[in-house]
Amino acid sequence: MNNKFIQDNIDIVKVFEELSLVKDYGRLQILIPKLMKEYSQCVPSIVNKLNSSFGIHRVYVANVKIKTGDRFIKIGYTKNTVKQRLSEGRYKGKIYLIDVIHEEFFPALGSKEFESKLITSLEKYNVTNENIEAPGKGELFFPEHEDKILEKYDELKDKSKHKRGFKSAN
């Protein structure tokens, strides 16, 4: 490689660093395609992040258990499989997948809005008032309410099924 190529690449990275520090999103919008062209290995990471914001996600209802052995129903959304999502270890405590009761695919924004509406509408059945050490307790429900959860899922899903737009990446 010639020195000019190396210097140009160092300069573009320096410019990116500087623009990022001052959050100059207008100029970053112009610079990022150049970065992607020079550093094509960054494209999969960028696409992965964009999939979090715009890609297809699944909204799921699953039977889970926590480390004490207590069983619950969990409502959530993910761009991955439910098994992958629950094995992430993102939070303190651990939730173990028993089986997926129901899942459907939505655009990213629709999945987030639908999950939120579904959980809010089922609030009286969740376990937030219990002394349970598990991540996302607001997403856990008592198993005896499975029929009500699935009924509400079917009632609300169509309002979000085709909702597209920007969803902040997790």
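The values are calculated or read from the model by the stated rules, or taken from the named source; none is laboratory data. Here the structure is a predicted model, which means the values were calculated and not measured. Positions of Cβ are backbone-derived with ideal geometry, glycine not excepted, and every protein chain shown enters the neighbour counts.
Observations on the structure shown:
- Checking each residue in segment 67-90 for being over 20 Å from residue 157 (Cβ atoms) and over 13 Å from the mean Cα position of the chain (by Cα) picks out 67, 68, 69, 70, 71, 72, 83, 87, 89.
- Residues that are in a strand (DSSP E or B) and either within 16 Å of residue 143 (Cα to Cα) or polar (S, T, N, Q) (or both), drawn from segment 91-121: 95, 96, 97, 98, 99, 100, 101, 102
- Within segment 155-169, restricting attention to residues that are under 17 Å from residue 60 (Cα atoms) and exposed (fewer than 11 other Cβ atoms within 10 Å of the Cβ), the residue that is farthest from the chain's Cα centre (by Cα) is 158.
- Subset of segment 53-90 [in a helix (DSSP H, G or I) and in contact with a Lys or Arg (Cβ under 6 Å, 6 or more places away or on another chain)]: 53
- Search result, residues across segment 69-90 that are farther than 21 Å from residue 111 by Cα and free of Cβ contacts under 8 Å to residues at least 24 places away in the same chain: 69, 89
- Of residues in segment 40-57 being hydroxyl-bearing (Ser, Thr, Tyr) and without any contact (Cβ under 8 Å) to a residue 24 or more places away in the chain, the one farthest from residue 165 (Cα to Cα): 40
- Scan of segment 80-120 for residues that are touching a Leu at 6+ places or on another chain (Cβ under 9 Å) and modelled with pLDDT of 95 or more, ordered by number: 101, 102, 114, 117, 118
- Matching residues, segment 14-49, being within 27 Å of residue 79 (Cβ to Cβ) and in a loop (DSSP other than H, G, I, E, B): 23, 39
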